[in-house]
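The values are calculated or read from the model by the stated rules, or taken from the named source; none is laboratory data. In this text the structure is predicted, and so the values were computed from the model without any measurement. Quick reminder, even Gly has a Cβ in these numbers, built from the backbone with ideal geometry, and neighbours come from all protein chains shown. Ligands, DNA and RNA are stripped out before the accessible areas are found, and what is left, the full protein with its side chains, is counted by its heavy atoms. Shrake-Rupley method; radii C 1.70, N 1.55, O 1.52, S 1.80 Å.
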Amino acid sequence: MNPFEYHRATSVADAVTAVADRDDAVFLAGGTNLVDHLKLGVVTPGLVVDVGHLPLTDVDPLPDGGLRVGADVRNSDLAAHPVVRSRYPVLARALLSAASGQLRNLATTAGNLLQRTRCVYFQDLTTPCNKRTPGEGCSAIGGYVRYHAILGASQHCVAAHPSDMAVAMAALDAEVVFVDADGEHRVPLSEFYRLPGDRPDRDTTLPPGALITAVEIPAPPDAARSTYRKVRDRASYAFALTSVAAELVLDGDTVSSARIALGGVAHRPWRAHRAEDILVGRSATEDVFRLAADAELDQADPLPGNEFKVELTKRAMLATLLDLAEGHR
């Protein structure tokens, strides 16, 4: 591990001030992702600012019935929160499927959002990687791509985003709250993550030196049902081959609201807008659900070696929607 300066922030303002004009600075909270990358040499910061002890650990109700989740709320605490379990089961299930209890006890809300891809080439310094060092090339193209993207990738990067929690939050229309030198800002999760394009090293739209302080989740619609389905290579904790976060509202047998996000298939949590548009106003039948899944995956562009993920994702979407519709009846 390379040497670095360490600063334990005493406040949000102190943390933001500490990294000002330091493009070699990183924030540390739970460290479940960053410490691995420090050991591997994937990141070599000159300054590590510890924000894991700031008073950002509350889960509070919002005036509109939603929920504000502090950046340092641990994944275990969020999954076990009674409001999350009762009103946002998709989020609780995503968190519980993500990692072991030991990791969930350390991992934070903001850290989970900012975790980096688990692409084997990104973590291997002996292989070229545009996400690690722009302009080097993408070793995954023509290589091992079982866990890689089938949607929204580019010739510069085909890595997939690893988070389960972020997929659920994308389906819930969450907003990320952050603070920088200009004050507090909000950005919808749908605009927070970037597709790789020609700059895959930039995972998010977060400005340099900005610190996430919370995530705000709107109130779910009346009579909404939600769930999370994760398909992985083993029953114990593993990253998703594909996953589906879905929320459905039925008016009789007609879909009145649908929000769906996919994980493990793109550079960011993939909001399934095509599928949602097809579902709303139609009967909640297997044929309609299959039509919606087919339409969403029509835009897939798999690589040699991960073509199976197209059909796998369609089937996961279908099974998830059928489960939610059955629960309404």
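Give me the Debye-computed log₁₀ of I(q)/I(0) at q = 0.17, 0.18, 0.23, 0.31 Å⁻¹ for segment 5-52, equal point scatterers on Cα only, no solvent, two decimals.
The Debye formula, applied to the Cα set alone, gives -0.45, -0.51, -0.79, -1.20.
Out of the DSSP beta bridges found with both residues in the chain, what percent are antiparallel (nearest 5)?
The answer is about 80 percent antiparallel.
Using a ≥ b ≥ c from the Cα gyration tensor of segment 1-143 (square roots of the eigenvalues), is it rounded, prolate or oblate, where a/c under 1.5 gives rounded and otherwise the larger of a/b and b/c decides, a/b for prolate?
oblate
Residues of segment 5-52: accessible area per residue at 1.4 Å, in Å²?
48
Among 181-190, 316-325, what's the highest-first ranking by average C-beta atoms within 10 angstrom per residue?
Ranked by mean Cβ neighbours within 10 Å, highest first: 316-325, 181-190.
Rg/Rh for segment 147-232 to two decimals, with Rh computed the Kirkwood way over all alpha-carbon pairs.
With Rg and the Kirkwood Rh in hand, the quotient comes to 1.01.
Quick one, can you get me the convex hull of the C-alpha atoms of the chain expressed as volume per residue in Å³?
It comes to 129 Å³ per residue, whole-number rounded.
In a shell of Cβ-Cβ distance under 13 Å around V179, excluding V179 itself, what net charge do Lys and Arg (+1) and Asp and Glu (-1) give?
-3
On a 0 to 90° scale, report how tilted helix 286-297 is relative to the longest principal axis of the chain, with both axes built from alpha carbons and the result rounded to the nearest 10.
Taking the Cα atoms of the chain, the angle to 286-297 is about 30 degrees.
Based on DSSP H runs of at least 4 residues, each adding -39500 (n - 2.57), what is the mean residue ellipticity at 222 nm of the chain after dividing by all its residues, to the nearest 500 deg cm²/dmol?
That comes out to -8000 deg cm²/dmol.
What lysines does K309 reach when the alpha-carbon gap must be under 18 Å and sequence neighbours fewer than 8 apart in one chain are set aside?
Of all the lysines, those that pass the test against K309 - Cα under 18 Å, at least 8 places apart if same chain - are K230.
Using the Cβ atoms and a cut-off under 13 Å, what net charge is assigned to the surroundings of P302, where Lys and Arg are +1 and Asp and Glu are -1?
-1
Among all stretches of the chain without exposed chymotrypsin sites (Phe, Trp or Tyr not before Pro) (DSSP loop, at most 16 other Cβ atoms within 10 Å), which one is longest?
My reading of the result: 5-143 is the longest stretch.
P(r) of segment 225-326 in 10 Å steps, Cα pairs, percent per bin?
The percentages, shortest bin first, are 16, 51, 26, 6, 0.
How large is the accessible surface per residue of segment 225-326, computed with a 1.4 Å probe and reported in Å² as a whole number?
42
Treating cross-link reach as a plain straight distance, find the aspartates and glutamates whose alpha-carbon is under 14 Å from the alpha-carbon of K131, omitting any fewer than eight places away in the same chain.
D198, D201, D203
Roughly how many debye, to the nearest 20, is the charge dipole of the chain about its Cα centre, given +1 on each Lys and Arg Cβ, -1 on each Asp and Glu Cβ, and no other charges?
That gives the chain a dipole magnitude of about 960 debye.
Return the long-range amide H neighbours of C129 (sequence gap of 5 or more, or a different chain), with a cut-off of under 5 Å between placed amide H atoms.
So C129 has HN proximity to E136, G137.
Carbon and sulfur together cover what percent of the accessible area of the chain at a 1.4 Å probe radius?
Taking all protein chains in place, the chain shows 50 percent carbon and sulfur surface.
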